[in-house]
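The values are calculated or read from the model by the stated rules, or taken from the named source; none is laboratory data. What you are looking at is a predicted structure, and each value in this text was computed from that prediction instead of being measured. Note that each Cβ is placed from the backbone with ideal geometry, even for glycine, and that neighbours are counted across all protein chains shown. These accessible areas exclude ligands, DNA and RNA; they are computed on the full protein's heavy atoms, side chains included. Shrake-Rupley method; radii C 1.70, N 1.55, O 1.52, S 1.80 Å.
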Amino acid sequence: MLDVNISKKNQAYLLSEKNKQISDKSVLFTENLNNQAILTCRQRMPFAIIGFLVLYCIIIIKVFYTCLSGGIVISGFEQIDTQTEAVFVSPVTRADIVDANGIIIATSLPTVNLQVAPKPKIKNPEELAQKLADIFPDEDYEKILKKLKKQRYNDIKRNLSPAQQAQVNALGIPALEFVESQARIYPHDNLFSHIIGYTDIDNLGISGLEKSMHKRLTQSTKPLQLTINTAVQDTIREELSAAITKFKALGATAILSDVTSGEIIAMVSLPDYNPNIKISVGNRAMFNFATQGVYEAGSVFKTFNTALGLESKKIKVTDKFDATEPLKLKGITVTDYRGENRWLSVGEILIHSSNIGSAQIILRVGKEKQREFLENLGFSEKLSEFEVYEKAKPLFPAQKDWHEHTMAAASYGYSLSATPLHIISAFNAMINGGIYYYPTIIKDSNVPAPRRVISESTSEKMIPLLRDVVIKGSAKSANIAGYQVIGKTGTANKLVNGRYVQKKVMTSFLSAFPANSPKYSLLVVLDEPKGDDTFGFVTSGWNAAPTGGNIIKAIAPQLNIPADFTLDEQRKHIKASFEK
C-alpha cells in the first residue's frame, strides 16, 4: 500500500518537472521569435526610410513643376500635360477674323437654341406659347404656338441669352430642350460688311470672306488675320459717308492700298449693311462696289496711257501734241472738256486731262501694244485669287472689236470697264518702280507672284507728272499741305439704255502719297454726285478729289506718315499763326 502511494507521488513529481522543462523551452522559443522580429524590423527600417525620402522628393518636385512656369521638366509629367491639351475641345468651331493689329472683327460665342420635342406632349400649348412670347418679345405668339402644336422637332428660338435660358428653365417643361450652338458676332457692325460678309443660321458662310474662306475658318481655330487697319477703315468710311451726303451721290467706294506689296489697308463700299442683322439679298447695300462695280472710269486711264507711251519709247516727256481742234477718227470725233485749244506737252495732257492729246499718244504707240499692256495690268480678267468672294470680270473688248476709235476711247477711260480694285492694283505699278503686286486682303496669302510691267525709269517719270496734276490741274483740291499728294481725276458719263447721259456721271480720284516715295495709294469713286453745292459742276475735281484730299489728311497721321512741309507751306503756317 505504501509503495503505491510513493509511486504516485514520484509520478506527480516527474510530471511537474516535465512541465517545467516544457515551459522553459516555450519561453526560450518565444524569446527567440521576438529577437528575430526585432532583427527583421531593424533590417527593413533603412528601406522604409529611403522609400519615404523618395516619395517626399517626388512630391516636392511635383510642386515646383506645377507652380513655376517653365520650371523643371520631369519625364512623364510633360507627357501628361500634352495629353491634357490634346483632349481639350473648344465649344467654338469657327475661327475668329482679326485685323492687321489683332483687333477682332468677327468672332463666335457659345450659345444654345431652344427646341420643342414631339414627346412628351404639351398639355396647354396656348398658355406655354404666351409665356415664351413674353420671354422672347421679338418672336410672334402665333408662330410659337404653331411650332408647339406640331408633333416634330422645331426650333423655337436660336441663340438664347443666359437670362432667357434661365427663364425657360424655370418653366419646367420637359418638352422644351436646349441644343448647344454658337453665334457669329460682328463687333463693328457695318464697318467690314462687304469684306467679311456673314454666315447663315447654321453657321455656314454665305458671303464675303465668311464664304470664300469657310474651309479655313472651320478647319483651324487659329485667327484669320487680315491686312485691314480698323482705325483707318473707320476714318475712310466716315469721310466717304460725309461725301455722299454732301454731293447727294447714290453710292461710293474707296480703296487704300500699300503700293509696295498690294496689301489692302482699307476697302469701303457704301451703302453697306449690318451683318448682325440679316437683310434681303436684292438690297443695293449688299453690292460690293469696290470688287463688283465694273464701270468706265474716264480720265484716270490717262495715267496708264501716258505710262505706255513713255514705256514704248515712241513718246518722250518733252513731246507736244496738237490739241487746237477736235480729232476726227473713223466712227467718232474726239473732243476735250473745257479744252485749252493749243499744243500740249505730255505733262499738260495730264494736267488739263486732254482726250485729244491722249488719243494722239496711243495712235502713235499702236493697237497691239495697247492691248498687250492693258492685259498685263489685269484689265482683261477677273481677279480670281483675291480673297473676297464677290468679284466681277472687266468688260474688255475682243480683238476683232479693237478698232481705231476703240483705241482712242480706251486711252481716256471709255470702251472698257473695270472694277475699282483692278484700277488701283494697276496704278500701284505705275508709281512703285514698275512692279505689279496682286491685291490681297489676308496676311501671309498665296496670291500670284509680283511681276514687272514697266521699267523703273518710266515709273520714276510718272511721279512728277502726276504731282503736277495735283499742283496745277484738276486735282488742286487734293493738294494737302505736308503730304505731297500725286494723282489723276476722272469723270465718265454713265451709259443708260445704250446712250451716255449728261450729268449722270461716275467720278474718280486716283492718288498716292507721299510723292517723294509713294507708300499708299487711294482710289475714291462717287456714283452720280450732284452739283447742288458745286455751282452745278459734277466733275471729279469738285467732288472725288476733295473727298480724297480729306481722307488723306485724316489718315496720314494714323499711318505714321510724317508731314513734310515745303518752304512756302511753312511760311504760310507761320503767317497764319501770327494773324491769329
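Restricting segment 320-341 to residues that are assigned to a strand (DSSP E or B) and over 24 Å from PHE537 (Cα atoms), which is least open to solvent (accessible area, probe 1.4 Å)? Outline the logic, then answer.
First pass over segment 320-341, keeping only residues assigned to a strand (DSSP E or B): 320-322, 327-329, 332-334.
Next cut, over 24 Å from PHE537 (Cα atoms) only: 320-322, 327-329, 332.
Values: LYS320: 123, PHE321: 7, ASP322: 50, LEU327: 36, LYS328: 164, LEU329: 30, ILE332: 48 Å².
So, considering only residues that are assigned to a strand (DSSP E or B) and over 24 Å from PHE537 (Cα atoms), the one least open to solvent (accessible area, probe 1.4 Å) is PHE321.
Return the residues of segment 442-456 that are hydrophobic (A, V, I, L, M, F, W, C) and either closer than 21 Å to GLU311 by Cβ or open to solvent by 70 Å² or more (accessible area, probe 1.4 Å) (or both); say none if nothing qualifies. Don't jump to the end; show me each part of the working.
Taking segment 442-456 first, the residues hydrophobic (A, V, I, L, M, F, W, C) are 442, 447, 449, 453-454.
ALA449, VAL453, ILE454 - these are the residues of segment 442-456 that are hydrophobic (A, V, I, L, M, F, W, C) and either closer than 21 Å to GLU311 by Cβ or open to solvent by 70 Å² or more (accessible area, probe 1.4 Å) (or both).
Output the residues belonging to segment 255-295 that are closer than 22 Å to ALA429 by Cα, open to solvent by less than 10 Å² (accessible area, probe 1.4 Å) and assigned to a loop (DSSP other than H, G, I, E, B).
VAL259, GLY262, GLY293
Which is at pLDDT below 95 and surrounded by 13 or more Cβ atoms within 10 Å (Cβ to Cβ), of ALA576, ALA563, ALA544? Outline the logic, then answer.
Values: ALA576 fails: surrounded by 13 or more Cβ atoms within 10 Å (Cβ to Cβ); ALA544 fails: at pLDDT below 95.
Just one listed residue meets the conditions, ALA563.
Yes/no per residue for (1) at pLDDT below 95; (2) under 19 Å from ALA290 (Cβ atoms):
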position: ILE423; (1), (2): no, yes
position: PRO450; (1), (2): no, no
position: MET462; (1), (2): no, no
position: ARG467; (1), (2): no, no
position: GLY482; (1), (2): yes, no
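I need the helices (runs of 4 or more DSSP H) fully contained in segment 160-254, keeping only those with at least 2 residues that are at pLDDT 95 or above, surrounded by fewer than 18 Cβ atoms within 10 Å (Cβ to Cβ) and of a type in the set (Ser, Thr, Tyr).
230-247
Need pairs with beta-carbon distance below 8 Å; first residue without any contact (Cβ under 8 Å) to a residue 40 or more places away in the chain and within segment 408-434, second open to solvent by less than 10 Å² (accessible area, probe 1.4 Å); sequence gap 6+ or separate chains.
Qualifying pairs under 8 Å: GLY433/SER459; GLY434/ILE454; GLY434/THR458; GLY434/SER459.
THR534 - would you say it is open to solvent by less than 20 Å² (accessible area, probe 1.4 Å), modelled with pLDDT of 95 or more and not in a strand (DSSP E or B)? If you could, list the steps in order and put the result at the bottom.
On the way: open to solvent by less than 20 Å² (accessible area, probe 1.4 Å): yes; modelled with pLDDT of 95 or more: no; not in a strand (DSSP E or B): yes.
No.
Scan (1) part of a helix (DSSP H, G or I); (2) open to solvent by less than 20 Å² (accessible area, probe 1.4 Å); (3) closer than 26 Å to VAL334 by Cβ for the single condition GLY413 breaks and write down its number.
Single failed check for GLY413: (1).
Pick out the one residue from PRO514, PRO439 that is more than 20 Å from PHE247 (Cα to Cα) and open to solvent by 10 Å² or more (accessible area, probe 1.4 Å). It would help to see each step written out before you state the result.
On the way: PRO439 fails: open to solvent by 10 Å² or more (accessible area, probe 1.4 Å).
Just a single option satisfies the conditions, and that option is PRO514.
In segment 471-501, what count of residues is obtained for those that are open to solvent by less than 50 Å² (accessible area, probe 1.4 Å) and more than 32 Å from the chain's Cα centre (by Cα)? It would help to see each step written out before you state the result.
Taking segment 471-501 first, the residues open to solvent by less than 50 Å² (accessible area, probe 1.4 Å) are 473-475, 478, 480-494, 501.
From the residues that got through so far, the ones that are more than 32 Å from the chain's Cα centre (by Cα) too are 473-474, 493, 501.
Total meeting the criteria: 4.
Take ASN113 and tell me if it is not β-branched (Val, Ile, Thr) and not in a strand (DSSP E or B). I'd like the intermediate steps shown before the answer.
On the way: not β-branched (Val, Ile, Thr): yes; not in a strand (DSSP E or B): no.
In short, no.
Provide a single number: the residues in segment 296-319 that are buried (at least 24 other Cβ atoms within 10 Å of the Cβ) and of a type in the set (D, E, K, R).
Of the residues in that region, 1 qualify.
Among the residues of segment 274-311, write down those that are at pLDDT 95 or above and among the hydroxyl-bearing types (Ser, Thr, Tyr).
Result: THR291, TYR295, SER299, THR303, THR306.
Does ASN497 qualify as being closer than 24 Å to GLY262 by Cα and modelled with pLDDT under 95?
Working: closer than 24 Å to GLY262 by Cα: no; modelled with pLDDT under 95: yes.
Criteria not met by ASN497.
Quick one: which of PHE77, PHE52 is open to solvent by 70 Å² or more (accessible area, probe 1.4 Å), at pLDDT below 85 and not charged (D, E, K, R)? Outline the logic, then answer.
Working: PHE77 fails: open to solvent by 70 Å² or more (accessible area, probe 1.4 Å).
None of the other options fit; the residue is PHE52.
Identify the residue in segment 547-560 that is open to solvent by 30 Å² or more (accessible area, probe 1.4 Å) and part of a loop (DSSP other than H, G, I, E, B) and, among all such residues, is nearest to GLY473 (Cα to Cα). If you could, list the steps in order and put the result at the bottom.
Quick first cut of segment 547-560, residues open to solvent by 30 Å² or more (accessible area, probe 1.4 Å) only: 550, 553-554, 557-558, 560.
Retained after the next criterion (residues that are part of a loop (DSSP other than H, G, I, E, B)): 557-558, 560.
Details: PRO557: 26, GLN558: 28, ASN560: 28 Å.
This residue is PRO557.
Name the residue, out of LEU344, LEU374, that is part of a helix (DSSP H, G or I), open to solvent by less than 20 Å² (accessible area, probe 1.4 Å) and modelled with pLDDT of 95 or more. Spell out the reasoning first.
Working: LEU344 fails: part of a helix (DSSP H, G or I).
Just one listed residue meets the conditions, LEU374.
Please go through segment 373-414 and pick out each residue that is within 33 Å of the chain's Cα centre (by Cα) and closer than 27 Å to ASP319 by Cα.
PHE373, LEU374, GLU375, ASN376, LEU377, GLY413, TYR414
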